[in-house]
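J.: Before we start, here is the structure in question, set down as structure tokens.
The values are calculated or read from the model by the stated rules, or taken from the named source; none is laboratory data. These figures come from a predicted structure and were not determined experimentally. Glycine gets a Cβ as well: all are built from the backbone with ideal geometry, and neighbour counts include every protein chain shown.
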């Protein structure tokens, strides 16, 4: 079940959900709007290797915006830092973002119970589009968990995305054994 606006507020009050910064005007009927942070990143190599640590180059979105180009994978980040201690968070694009041809995640829309961080966005576009820091880019939806959690994400020994950051984080696939 998806949490309603009232339930999201109750869970924030209980400390089960944390959103920083939080602004009541961004709370929808059953979601919370998140915004594009000021940092973007791109991989430095054209060909990526899933067994290697692929390096990225960070840069800031200028005040007058940045023009994203098709055929490039941009890593973005949410302005909001979130913690989810009792629910499964899902990040989805906003319809207004999608109607500009902007995809904010390729496959990684689900967070784990215990995820505590900003959200790295895997941004691609269908045509050139100018984006701005602080623009609404997605929405968080929270699902009820059925059953007890054995190991929360923020306590897993092998969790790859636990280090708090305000910048996008590159793929850590290379840390997997395959």
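J.: For the range 14-48, how many residues are in contact with a helix residue (DSSP H, G or I) (Cβ under 8 Å, 6 or more places away or on another chain) and more than 16 Å from residue 78 (Cβ to Cβ)?
T.: 2
J.: Please state which one of 40, 27, 68 is within 19 Å of residue 172 (Cβ to Cβ) and at pLDDT 95 or above.
T.: Matching residue, one of 40, 27, 68: 40.
J.: Only one of (1) under 26 Å from residue 16 (Cβ atoms); (2) assigned to a loop (DSSP other than H, G, I, E, B) fails for residue 121. Which number is that?
T.: (2)
J.: Let me ask another. What about residue 75, is it within 18 Å of the chain's Cα centre (by Cα), closer than 17 Å to residue 172 by Cα and modelled with pLDDT of 95 or more?
T.: Yes; evaluated as a whole, the condition is true for this residue.
J.: I would also like to ask the following. Of 147, 134, which residue is within 25 Å of residue 24 (Cβ to Cβ) and surrounded by fewer than 17 Cβ atoms within 10 Å (Cβ to Cβ)?
T.: 134
J.: Within the range 92-102, is there a residue that is buried (at least 19 other Cβ atoms within 10 Å of the Cβ), over 21 Å from residue 22 (Cα atoms) and more than 11 Å from the chain's Cα centre (by Cα)?
T.: Looking through the range 92-102, at least one residue is buried (at least 19 other Cβ atoms within 10 Å of the Cβ), over 21 Å from residue 22 (Cα atoms) and more than 11 Å from the chain's Cα centre (by Cα).
J.: Quick one: count up the residues across the range 15-41 that are surrounded by fewer than 15 Cβ atoms within 10 Å (Cβ to Cβ), touching a residue at least 12 places away in the same chain (Cβ under 8 Å) and not in a loop (DSSP other than H, G, I, E, B).
T.: Looking only at that region, the number is 1.
J.: Given the criteria in contact (Cβ under 8 Å) with a residue 40 or more places away in the chain and either closer than 23 Å to residue 11 by Cβ or buried (at least 16 other Cβ atoms within 10 Å of the Cβ) (or both), does residue 128 qualify? Show your work before the answer.
T.: Values: in contact (Cβ under 8 Å) with a residue 40 or more places away in the chain: yes; either closer than 23 Å to residue 11 by Cβ or buried (at least 16 other Cβ atoms within 10 Å of the Cβ) (or both): no.
Considered against the rule, which asks whether it is in contact (Cβ under 8 Å) with a residue 40 or more places away in the chain and either closer than 23 Å to residue 11 by Cβ or buried (at least 16 other Cβ atoms within 10 Å of the Cβ) (or both), residue 128 comes out as no.
J.: Here's a follow-up. Can you tell me how many residues in the range 58-109 are touching a strand residue (DSSP E or B) at 6+ places or on another chain (Cβ under 7 Å), over 19 Å from residue 48 (Cβ atoms), part of a loop (DSSP other than H, G, I, E, B) and free of Cβ contacts under 8 Å to residues at least 40 places away in the same chain?
T.: 4
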